[in-house]
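A.B. asks: A single structure is presented below for examination.
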Amino acid sequence: MNRTPASRGGVSGAAPGGRLRRILTPKVLNRLRLVLTLLTFGVLGWYLHTRPRLDLASLHPRWGYFLGACLCVAPALWLRAAAKWRMLLRGTAPAVTYGEAFRSYLGALALGLVTPGRVGEFSRGLYLPHRGAQGWRGAGLVLIDNWLDFLAVLFWACLGWGLCFRAPGLMIGLGLALLFAPVRFWLGVADKVTAKLPSLRGFRDSSRQALAAGEGVSRADWIGSFAAAMLAYGLDWLQLSLLLSFLLPQVPAPWHLAGMMALVTLANSFQVTLAGLGVREGLSMLLLAREGVGSEAAVAAVFLQSCLGQFLPALAGLAVKPVALYAPEDRAD
């Protein structure tokens, strides 16, 4: 039987403390999300204004493929928000529903999109009505969620390494993927290192609570979450293939496209620019040139995918209100 995350080191599963509640009131959080999202769309407008004008007529747009790309948004979002995230939550919040997991994912998406390294995503627990999934424990589950995403992309990137460097590249890619695959082991290592650190006003114990979050995840949910991540990124590559088919008469083979774009996602896994703008498009242009895709089509397709898969869901997430900040301190699951 798995221990509950609160069992390690006697750390409790309390929700965010009173000081945080006094500072990060619902009104402040909602205004912060709105300002950051408007800032993102402002940068987005500036980015579009500075790009050379794209002549869609020269790219032979075929709108049926664009419709197919739009249809990929809902299942990919469901896999990430309702399936994978809910499976990770079930150990600490058994009563969590698909709708609650979905709203939690969307609510934190706007902050995640505009913060360095997507650290804003660690606020997902604030949008859940279950005390066990709030605070540091919820942040630990987001860490695991992002780790599984990274691991899925790493396995997909093996295709790209194989295409770029043949057998040696494929072997190196598989080796790296297998190195990071035992998530529980690395969380345990991080916990042992953290345990030797000074307390720092309770930060050590809080960090250990976050690292212990995976103890409540069953083996079936670990496997199911990873499978959902693999399928979600598979849909991403299918969507990009459809967007390129929307713009071009001929596109790279699906496995070539998946391998190259996984390398782009891997390189941009730690977000260094606002919403990842510029980095993703630049890397895509360079790598897709190997497959005969022109720079205009590559940048346009990747940008359209960002709008469909990130910007529009983040905008919808602004309608989701934080739950934990409204709840009384003694609220139970």
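None of the figures in this text is laboratory data; all of them are computed from the coordinates on show. Predicted model only: the values in this text are computed from it and were never measured. Please note: Cβ atoms are built from the backbone with ideal geometry, for glycine as well, and neighbour counts cover all protein chains shown.
A.B. asks: Ranked highest first by the average count of other Cβ atoms within 10 Å around their residues, in what order do 259-265, 165-171, 244-250 fall?
C.D. replies: Averaged packing, sorted descending, gives the order 259-265, 244-250, 165-171.
A.B. asks: Now for a different question. Checking the a/c ratio against 1.5 first, then a/b against b/c, what shape does the Cα gyration tensor give for the range 64-162?
C.D. replies: prolate
A.B. asks: Would you calculate the convex hull of the Cα atoms in the range 171-266 and tell me its volume per residue in Å³?
C.D. replies: Output value, Cα hull per residue: 142 Å³.
A.B. asks: In whole angstrom, how long is each semi-axis of the equivalent ellipsoid of the range 174-223, when you take the square root of 5 times every eigenvalue of its Cα gyration tensor and sort them from largest down?
C.D. replies: Numbers: eigenvalues 120, 42, 7 Å².
Working from the Cα gyration tensor, I get semi-axes of 25, 14, 6 Å.
A.B. asks: Starting with the highest mean, order 70-77, 207-214, 117-124 by the number of other Cβ atoms within 10 Å, averaged over the residues of each peptide. Show your work: numbers first, answer last.
C.D. replies: On the way: 70-77: 16.2, 207-214: 24.5, 117-124: 19.9.
By packing density, highest mean first, the sequence is 207-214, 117-124, 70-77.
A.B. asks: May I pose another question? Roughly how far apart, in whole Å, are the Cα centres of the range 69-93 and the range 244-258?
C.D. replies: If we compute the Cα centre of each part, the gap is 26 Å.
A.B. asks: Give me the extension gain from Leu318 to Phe185: residue separation times 0.36 nm, minus the current Cα-Cα distance, reported in nm with one decimal.
C.D. replies: Extending this stretch completely gives an extra 44.3 nm.
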